[in-house]
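Engineer: Sharing a structure below in C-alpha coordinates format, with a few things to ask.
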Amino acid sequence: MNISIMNKLGKLFSLLFEKINHQIFLIRNSNLRKSDQIFTHLTTQEKRKLFELASKVEQGSYAVEIGSYLGASSCFIAAGLRDSSKLICIDTWENDAMSEGKRSTEREFDENTRTFRSKIIKVKGYSKEVVEEVYNITHTIDLLFIDGDHSYEGCKTDWDLYSPFLKSGGCVIFHDFGWAEGVKKVVEEDVKPKLKYFDSLPNMFWGYIK
(Lines give C-alpha, C1' and ligand atoms only; values in the text may rest on other atoms or scores of the structure.)
Protein backbone atom coordinates (compact mmCIF):
# COMPACT_ATOMS: atom_id res chain seq x y z
CA MET A 1 0.00 0.00 0.00
CA ASN A 2 1.54 3.34 -1.04
CA ILE A 3 1.96 6.31 1.28
CA SER A 4 -0.73 8.39 -0.46
CA ILE A 5 -3.41 5.75 0.11
CA MET A 6 -2.29 5.25 3.71
CA ASN A 7 -2.54 9.00 4.35
CA LYS A 8 -6.03 9.12 2.87
CA LEU A 9 -7.12 6.15 4.98
CA GLY A 10 -5.62 7.78 8.06
CA LYS A 11 -7.59 10.98 7.45
CA LEU A 12 -10.76 8.97 6.82
CA PHE A 13 -10.39 7.05 10.08
CA SER A 14 -9.66 10.29 11.96
CA LEU A 15 -12.83 11.88 10.59
CA LEU A 16 -14.87 8.78 11.44
CA PHE A 17 -13.44 8.66 14.96
CA GLU A 18 -14.21 12.36 15.49
CA LYS A 19 -17.79 11.91 14.27
CA ILE A 20 -18.35 8.96 16.61
CA ASN A 21 -16.72 10.80 19.50
CA HIS A 22 -18.96 13.82 18.99
CA GLN A 23 -22.12 11.71 18.77
CA ILE A 24 -21.23 10.03 22.06
CA PHE A 25 -20.75 13.49 23.59
CA LEU A 26 -24.20 14.57 22.34
CA ILE A 27 -25.80 11.42 23.76
CA ARG A 28 -24.32 12.29 27.15
CA ASN A 29 -25.30 15.97 26.78
CA SER A 30 -28.64 15.75 25.00
CA ASN A 31 -29.50 19.38 25.86
CA LEU A 32 -26.89 20.39 23.25
CA ARG A 33 -28.32 18.43 20.31
CA LYS A 34 -30.24 21.43 18.98
CA SER A 35 -27.35 23.79 19.73
CA ASP A 36 -25.04 21.56 17.71
CA GLN A 37 -27.05 22.49 14.59
CA ILE A 38 -26.41 26.24 14.93
CA PHE A 39 -24.23 27.61 12.13
CA THR A 40 -20.74 28.30 13.45
CA HIS A 41 -17.09 28.44 12.46
CA LEU A 42 -16.23 26.15 15.39
CA THR A 43 -15.27 22.55 14.75
CA THR A 44 -16.94 19.78 16.75
CA GLN A 45 -13.70 19.31 18.68
CA GLU A 46 -13.61 23.01 19.56
CA LYS A 47 -17.21 22.90 20.78
CA ARG A 48 -16.40 20.06 23.14
CA LYS A 49 -13.27 21.84 24.35
CA LEU A 50 -15.30 24.95 25.25
CA PHE A 51 -17.71 22.73 27.18
CA GLU A 52 -14.83 20.97 28.93
CA LEU A 53 -13.04 24.18 29.93
CA ALA A 54 -16.30 25.73 31.17
CA SER A 55 -17.09 22.63 33.23
CA LYS A 56 -13.92 23.24 35.26
CA VAL A 57 -15.08 26.70 36.36
CA GLU A 58 -16.03 26.96 40.03
CA GLN A 59 -19.63 27.16 41.20
CA GLY A 60 -21.06 30.68 41.23
CA SER A 61 -18.44 32.12 38.88
CA TYR A 62 -18.65 34.31 35.79
CA ALA A 63 -17.40 33.67 32.28
CA VAL A 64 -17.12 36.29 29.53
CA GLU A 65 -17.41 35.68 25.80
CA ILE A 66 -16.37 38.42 23.37
CA GLY A 67 -18.00 37.70 20.02
CA SER A 68 -21.08 35.49 20.35
CA TYR A 69 -22.42 35.57 16.76
CA LEU A 70 -25.38 33.15 16.50
CA GLY A 71 -24.82 31.56 19.89
CA ALA A 72 -23.25 28.16 19.19
CA SER A 73 -20.20 28.80 21.35
CA SER A 74 -22.40 30.47 23.97
CA CYS A 75 -24.50 27.32 24.28
CA PHE A 76 -21.54 24.99 24.69
CA ILE A 77 -19.94 27.25 27.29
CA ALA A 78 -23.21 27.78 29.18
CA ALA A 79 -23.94 24.04 29.15
CA GLY A 80 -20.54 23.37 30.69
CA LEU A 81 -20.95 25.95 33.45
CA ARG A 82 -22.44 24.86 36.75
CA ASP A 83 -26.01 25.97 37.48
CA SER A 84 -25.17 29.01 39.62
CA SER A 85 -22.53 30.34 37.20
CA LYS A 86 -23.22 32.93 34.50
CA LEU A 87 -21.93 33.65 31.00
CA ILE A 88 -21.69 37.29 29.91
CA CYS A 89 -22.03 37.45 26.12
CA ILE A 90 -20.64 40.61 24.51
CA ASP A 91 -21.58 41.39 20.90
CA THR A 92 -23.16 44.09 18.77
CA TRP A 93 -25.21 41.41 17.01
CA GLU A 94 -24.77 43.44 13.83
CA ASN A 95 -22.33 40.99 12.20
CA ASP A 96 -19.54 43.57 12.20
CA ALA A 97 -16.64 41.13 12.02
CA MET A 98 -18.22 38.46 9.82
CA SER A 99 -17.39 37.89 6.16
CA GLU A 100 -21.05 37.55 5.16
CA GLY A 101 -21.60 41.27 5.78
CA LYS A 102 -23.59 43.36 8.24
CA ARG A 103 -27.01 42.18 9.36
CA SER A 104 -28.87 41.90 12.64
CA THR A 105 -28.33 38.52 14.30
CA GLU A 106 -29.74 39.27 17.74
CA ARG A 107 -33.08 37.53 17.19
CA GLU A 108 -31.29 34.39 15.97
CA PHE A 109 -28.98 34.49 18.98
CA ASP A 110 -31.92 34.81 21.37
CA GLU A 111 -33.74 31.90 19.75
CA ASN A 112 -30.66 29.70 19.57
CA THR A 113 -29.68 30.25 23.21
CA ARG A 114 -33.18 29.94 24.67
CA THR A 115 -32.35 26.64 26.43
CA PHE A 116 -29.58 28.34 28.41
CA ARG A 117 -31.22 31.73 28.92
CA SER A 118 -31.03 31.47 32.72
CA LYS A 119 -27.23 31.30 32.53
CA ILE A 120 -26.66 33.99 29.89
CA ILE A 121 -26.34 37.74 30.42
CA LYS A 122 -26.32 39.74 27.18
CA VAL A 123 -24.22 42.89 26.97
CA LYS A 124 -24.85 44.62 23.66
CA GLY A 125 -22.12 46.82 22.21
CA TYR A 126 -18.48 46.87 21.22
CA SER A 127 -16.27 45.13 23.77
CA LYS A 128 -14.09 48.21 24.27
CA GLU A 129 -17.17 50.31 25.07
CA VAL A 130 -18.95 48.04 27.58
CA VAL A 131 -16.14 47.31 30.06
CA GLU A 132 -17.81 49.39 32.78
CA GLU A 133 -21.11 47.57 32.23
CA VAL A 134 -19.35 44.23 32.67
CA TYR A 135 -17.55 45.57 35.75
CA ASN A 136 -20.92 46.50 37.26
CA ILE A 137 -21.98 42.85 36.88
CA THR A 138 -18.79 41.28 38.25
CA HIS A 139 -15.28 42.38 39.18
CA THR A 140 -13.77 38.95 38.54
CA ILE A 141 -14.18 36.19 35.97
CA ASP A 142 -12.97 32.60 35.80
CA LEU A 143 -13.10 32.15 32.04
CA LEU A 144 -12.54 34.56 29.13
CA PHE A 145 -13.25 33.54 25.52
CA ILE A 146 -11.97 36.06 22.97
CA ASP A 147 -13.44 35.60 19.49
CA GLY A 148 -14.19 39.14 18.34
CA ASP A 149 -12.03 41.48 16.27
CA HIS A 150 -9.18 39.33 14.92
CA SER A 151 -6.91 42.24 14.00
CA TYR A 152 -3.84 42.70 16.19
CA GLU A 153 -5.15 46.00 17.55
CA GLY A 154 -8.64 44.64 18.23
CA CYS A 155 -7.48 41.43 19.85
CA LYS A 156 -4.87 43.21 21.99
CA THR A 157 -7.47 45.74 23.13
CA ASP A 158 -9.79 42.92 24.23
CA TRP A 159 -6.95 41.22 26.08
CA ASP A 160 -5.75 44.44 27.74
CA LEU A 161 -9.25 45.44 28.84
CA TYR A 162 -10.60 42.10 30.04
CA SER A 163 -7.60 40.11 31.25
CA PRO A 164 -7.49 42.15 34.51
CA PHE A 165 -10.87 40.57 35.34
CA LEU A 166 -9.35 37.08 35.28
CA LYS A 167 -8.63 35.46 38.62
CA SER A 168 -5.34 33.69 39.26
CA GLY A 169 -5.93 30.25 37.79
CA GLY A 170 -8.58 31.61 35.44
CA CYS A 171 -8.83 30.30 31.90
CA VAL A 172 -8.42 32.36 28.72
CA ILE A 173 -9.34 31.03 25.27
CA PHE A 174 -8.65 32.48 21.82
CA HIS A 175 -10.37 31.26 18.67
CA ASP A 176 -8.87 31.53 15.16
CA PHE A 177 -5.39 31.29 16.64
CA GLY A 178 -4.40 29.08 13.71
CA TRP A 179 -4.90 31.57 10.86
CA ALA A 180 -5.35 35.09 12.27
CA GLU A 181 -1.87 36.61 12.53
CA GLY A 182 -3.10 39.37 14.84
CA VAL A 183 -4.49 36.85 17.31
CA LYS A 184 -1.34 34.75 17.16
CA LYS A 185 0.86 37.82 17.79
CA VAL A 186 -1.13 38.82 20.88
CA VAL A 187 -1.00 35.27 22.24
CA GLU A 188 2.74 34.91 21.69
CA GLU A 189 3.77 38.36 22.95
CA ASP A 190 1.23 39.29 25.61
CA VAL A 191 -0.64 36.20 26.76
CA LYS A 192 1.80 33.30 27.03
CA PRO A 193 4.15 35.09 29.49
CA LYS A 194 1.22 35.38 31.94
CA LEU A 195 0.21 31.72 31.79
CA LYS A 196 1.28 28.82 33.98
CA TYR A 197 -0.04 26.28 31.48
CA PHE A 198 -1.33 26.40 27.91
CA ASP A 199 -2.39 24.10 25.09
CA SER A 200 -4.01 24.36 21.68
CA LEU A 201 -5.97 22.78 18.88
CA PRO A 202 -5.14 23.74 15.28
CA ASN A 203 -7.33 26.85 15.50
CA MET A 204 -7.93 27.36 19.24
CA PHE A 205 -5.57 28.33 22.07
CA TRP A 206 -6.22 28.22 25.81
CA GLY A 207 -4.28 28.60 29.01
CA TYR A 208 -4.46 29.33 32.73
CA ILE A 209 -3.34 32.55 34.39
CA LYS A 210 -0.43 32.37 36.85
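The values are calculated or read from the model by the stated rules, or taken from the named source; none is laboratory data. Bear in mind the structure is a predicted one, so any value in this text is a computation, not a measurement. Neighbour counts run over all protein chains shown; Cβ positions are idealised from the backbone, glycine included.
Engineer: Please go through segment 59-96 and give me each residue that is more than 14 Å from ARG117 (Cα to Cα) and acidic (Asp, Glu), ordered by number.
Structural biologist: Result: GLU65, ASP91, GLU94, ASP96.
Engineer: Out of the residues in segment 100-123 meeting the condition of being touching a strand residue (DSSP E or B) at 6+ places or on another chain (Cβ under 7 Å) and of a type in the set (D, E, K, R), tell me which one is surrounded by the fewest Cβ atoms within 10 Å (Cβ to Cβ). Show your work before the answer.
Structural biologist: Applying the first criterion (touching a strand residue (DSSP E or B) at 6+ places or on another chain (Cβ under 7 Å)) to segment 100-123 yields 113, 119-123.
Now restrict to residues that are of a type in the set (D, E, K, R): 119, 122.
Numbers: LYS119: 21, LYS122: 17.
It comes out as LYS122.
Engineer: Right, something else. I need a count of the residues in segment 135-164 that are over 21 Å from THR105 (Cα atoms) and touching a residue at least 60 places away in the same chain (Cβ under 8 Å).
Structural biologist: 9
Engineer: Further, regarding this structure: For segment 116-133, what are the residues that are out of contact with any helix residue (DSSP H, G or I) (no Cβ under 9 Å at 6 or more places or on another chain) and touching a residue at least 40 places away in the same chain (Cβ under 8 Å)?
Structural biologist: Selection gives VAL130 alone.
Engineer: Select the helices (runs of 4 or more DSSP H) contained entirely in segment 3-87, then report the ones holding at least 3 residues which are touching a residue at least 12 places away in the same chain (Cβ under 8 Å), under 25 Å from TYR135 (Cα atoms) and under 12 Å from the mean Cα position of the chain (by Cα). Walk me through it before giving the result.
Structural biologist: Details: elements: 3-28, 44-55, 72-80.
By residue number, 44-55, 72-80.
Engineer: Within segment 126-139, which residues are within 18 Å of the chain's Cα centre (by Cα) and either at positive phi or polar (S, T, N, Q) (or both)?
Structural biologist: Hit for segment 126-139 is SER127, nothing else.
Engineer: Next question, about the same structure. Applying the selection to segment 84-127, what residues are among the small types (Gly, Ala, Ser) and under 17 Å from LEU50 (Cα atoms)?
Structural biologist: Within segment 84-127, the subset among the small types (Gly, Ala, Ser) is 84-85, 97, 99, 101, 104, 118, 125, 127.
Hit for segment 84-127 is SER85, nothing else.
Engineer: A follow-up question, please. Assess whether TRP93 counts as being crowded, with 16+ Cβ neighbours inside 10 Å, at pLDDT 95 or above, part of a loop (DSSP other than H, G, I, E, B) and in contact with a strand residue (DSSP E or B) (Cβ under 8 Å, 6 or more places away or on another chain). I'd like the intermediate steps shown before the answer.
Structural biologist: On the way: crowded, with 16+ Cβ neighbours inside 10 Å: yes; at pLDDT 95 or above: yes; part of a loop (DSSP other than H, G, I, E, B): yes; in contact with a strand residue (DSSP E or B) (Cβ under 8 Å, 6 or more places away or on another chain): yes.
Against the criterion (crowded, with 16+ Cβ neighbours inside 10 Å, at pLDDT 95 or above, part of a loop (DSSP other than H, G, I, E, B) and in contact with a strand residue (DSSP E or B) (Cβ under 8 Å, 6 or more places away or on another chain)), TRP93 qualifies.
Engineer: Kindly evaluate LEU166 against the criterion of being within 12 Å of ILE66 (Cα to Cα) and surrounded by 15 or more Cβ atoms within 10 Å (Cβ to Cβ). Show your work before the answer.
Structural biologist: On the way: within 12 Å of ILE66 (Cα to Cα): no; surrounded by 15 or more Cβ atoms within 10 Å (Cβ to Cβ): yes.
No; evaluated as a whole, the condition is false for this residue.
Engineer: I want to confirm something. Restricting to segment 132-156 and keeping residues that are among the β-branched types (Val, Ile, Thr) and crowded, with 16+ Cβ neighbours inside 10 Å, which single residue is nearest to GLY80 (Cα to Cα)?
Structural biologist: Within segment 132-156, the first condition is being among the β-branched types (Val, Ile, Thr), and the residues that meet it are 134, 137-138, 140-141, 146.
Then drop every residue that is not crowded, with 16+ Cβ neighbours inside 10 Å, which leaves 134, 138, 141, 146.
On the way: VAL134: 21, THR138: 20, ILE141: 15, ILE146: 17 Å.
Among them, the one singled out is ILE141.
Engineer: Mind checking which residues of segment 169-207 are more than 27 Å from GLY125 (Cα to Cα), outside any loop (DSSP other than H, G, I, E, B) and touching a residue at least 12 places away in the same chain (Cβ under 8 Å)?
Structural biologist: GLY169, LYS192, LYS194, LEU195, LYS196, SER200, LEU201
Engineer: Just name the residue that is nearest to PHE177 (Cα to Cα) out of those in segment 142-160 that are of a type in the set (A, V, I, L, M, F, W, C) and outside any helix (DSSP H, G or I).
Structural biologist: Kept after step one, since they are of a type in the set (A, V, I, L, M, F, W, C), are these residues of segment 142-160: 143-146, 155, 159.
So of that shortlist, the ones also outside any helix (DSSP H, G or I) come out as 143-146.
Working: LEU143: 17, LEU144: 15, PHE145: 12, ILE146: 10 Å.
Per the criteria, the residue is ILE146.
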